[in-house]
Amino acid sequence: MENNVEIPRIILPDGTAVPAVGQGTWNIGDSRAHVTSELSTLREGIDLGMSLIDTAEMYGNGASERLVGEAISGQRDRVFLVSKVYPHNASKLGVAKSCAASLKRLRTDYLDLYLLHWRGDYPLAETVEAFERLRAVGQIRYWGVSNFDTRDMMELGALPAGGRCATNQVLYHPEERGIEFSLLPWCQAHSMPVMAYSPLGQGGRLLRSQALITVARRHGATPGQIALAWCLRSGGVIAIPKASTVTHVRENAGAAAIKLTIEDLAEIEAAHTPPSFEAPLAML
Ligand code: NAP
């Protein structure tokens, strides 16, 4: 079943469709011993339709981008490629320089999406202007942000080109539901998908949640698949699980076929309650 699952699409503000399940790449490419398995995992993920790949200049000081570059070599046009600039490089010149270095490591001449990794000291207007310049010369197709809270999004939205922000990539999984209080509704109201990072809770405690285990049994699935299906439950969210084995990536693609019932959602909700007040945005 898992190999034939159609990955649902999520619509960016300009109408472009991207896969609702992509692939994260933090900690990938760090060790030569794992390269073969990591490459075949990423390529299998692309074949399964998880063709949105998320990386960053930060990951392994460029090692992740280099590995992604190798994985997508010869099939660049099948992939929606996302990378991120460090906040300390988010100046007018710094963005251009970082993007050029990322493109080189990724062996491509454009990024589909370029994100500000988290908010730093450079004025947002300067970073947005730098992103817009890259867009104008075709080095990026879209830009967005990461780890922005609701107030940051409002400030961004008020800039002249702020409406061009394609997404906000934030921590989101059943144990980290803080964005549901105001950030997710804000993004939904602006037709902007949220990109959920660490949707498997980094493979830790979340996957031992009794609620996820019980729901998984009902579906003949795994807790990880239920965590991903939960992220996808109402649209508008793109999940980017990271896997370094083919077994895991196949499982993650299979999650797209799981439709959680009202009973499933209630069981997860009872164990992992949604926020009842605005808390500072959780981030890793
Ligand atoms: P994650 O995707 O929640 O979890 C990754 C862990 O889960 C790995 O240990 C992986 O093991 C394991 N795993 C993968 N598929 C599984 C499955 N089907 N069943 C059980 N375990 C499974 O954590 P993450 O890497 O932190 O987050 C995903 C991506 O989001 C990152 O890779 C990165 O691209 C992005 N991210 C962005 C930010 C940001 O600040 N913008 C922060 C964190 C992450 P194996 O590796 O052994 O397969």
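Go through region 38-62 and count every residue that is within 13 Å of the ligand (Cβ to nearest atom), surrounded by 19 or more Cβ atoms within 10 Å (Cβ to Cβ) and part of a helix (DSSP H, G or I).
Restricting attention to region 38-62, the residues satisfying the condition of being within 13 Å of the ligand (Cβ to nearest atom) are 38, 40-42, 44-45, 48, 50, 52-60.
Those left that are additionally surrounded by 19 or more Cβ atoms within 10 Å (Cβ to Cβ): 38, 41-42, 44-45, 48, 50, 52-57, 59-60.
Then keep just the ones that are part of a helix (DSSP H, G or I); that gives 38, 41-42, 44-45, 59-60.
Total satisfying the criteria: 7.
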* Structure fact -> Checked region 129-145 for anything under 25 Å from residue 241 (Cα atoms), touching a Phe, Trp or Tyr at 6+ places or on another chain (Cβ under 6 Å) and of a type outside the set (Val, Ile, Thr); matches are 143
* Tell me which residues, restricted to region 52-65, are in contact (Cβ under 8 Å) with a residue 40 or more places away in the chain and not acidic (Asp, Glu). => 52, 55, 56, 58, 62
* Structure fact -> Among the residues of region 43-68, the number that are farther than 18 Å from residue 103 by Cβ and aliphatic (A, V, I, L, M) is 3
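For (1) under 18 Å from the mean Cα position of the chain (by Cα); (2) assigned to a loop (DSSP other than H, G, I, E, B); (3) of a type in the set (Val, Ile, Thr); (4) surrounded by fewer than 15 Cβ atoms within 10 Å (Cβ to Cβ), each residue gets a yes or a no:
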site: 6; (1), (2), (3), (4): no, yes, no, yes
site: 10; (1), (2), (3), (4): yes, no, yes, no
site: 27; (1), (2), (3), (4): yes, yes, no, no
site: 30; (1), (2), (3), (4): no, yes, no, no
site: 36; (1), (2), (3), (4): no, no, yes, yes
* Subset of region 67-87 that is among the small types (Gly, Ala, Ser) and crowded, with 20+ Cβ neighbours inside 10 Å - its residue that is nearest to the chain's Cα centre (by Cα) -> 83
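Only one of 216, 211, 196, 266 is within 22 Å of residue 46 (Cα to Cα) and among the aliphatic types (A, V, I, L, M). Can you tell me which?
Only one candidate passes the filter, namely 196.
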* Considering every residue within region 88-101, establish whether at least one is more than 23 Å from residue 250 (Cβ to Cβ), touching a residue at least 40 places away in the same chain (Cβ under 8 Å), surrounded by 24 or more Cβ atoms within 10 Å (Cβ to Cβ) and within 16 Å of the ligand (Cβ to nearest atom). => yes
* Asked: Identify, please: which residue in region 179-200 is buried (at least 16 other Cβ atoms within 10 Å of the Cβ) and part of a helix (DSSP H, G or I) and is, among those, farthest from the ligand (Cβ to nearest atom)?
  -> 186
* Asked: Hey, which of the helices (runs of 4 or more DSSP H) in region 201-263, taking only ones fully inside, have at least 3 residues that are modelled with pLDDT of 95 or more and touching a Ser or Thr at 6+ places or on another chain (Cβ under 8 Å)?
  -> 246-254
* Please go through region 261-279 and pick out each residue that is touching a helix residue (DSSP H, G or I) at 6+ places or on another chain (Cβ under 8 Å) and either buried (at least 18 other Cβ atoms within 10 Å of the Cβ) or touching a residue at least 60 places away in the same chain (Cβ under 8 Å) (or both). => 264, 267, 268, 271, 272, 274, 275, 278, 279
* Asked: Out of (1) more than 23 Å from residue 27 (Cβ to Cβ); (2) in contact with a strand residue (DSSP E or B) (Cβ under 6 Å, 6 or more places away or on another chain); (3) of a type outside the set (Gly, Ala, Ser), the odd one out for residue 265 is which?
  -> (2)
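What residue, among those in region 15-25 that are β-branched (Val, Ile, Thr) and buried (at least 24 other Cβ atoms within 10 Å of the Cβ), is farthest from the ligand (Cβ to nearest atom)?
Here the residue is 21.
If you go through region 1-41, how many residues are aliphatic (A, V, I, L, M) and free of Cβ contacts under 8 Å to residues at least 60 places away in the same chain?
Taking region 1-41 and keeping what is aliphatic (A, V, I, L, M), we get 1, 5, 7, 10-12, 17-18, 20-21, 28, 33, 35, 39.
In the following step, the residues that additionally are free of Cβ contacts under 8 Å to residues at least 60 places away in the same chain were identified as 17, 33, 35, 39.
So the count comes out to 4.
The values are calculated or read from the model by the stated rules, or taken from the named source; none is laboratory data. Just so it is clear, the model here is predicted, and its values are computed rather than measured. All Cβ positions, even for glycine, are placed from backbone atoms using ideal geometry, and neighbour counts span all protein chains on display.
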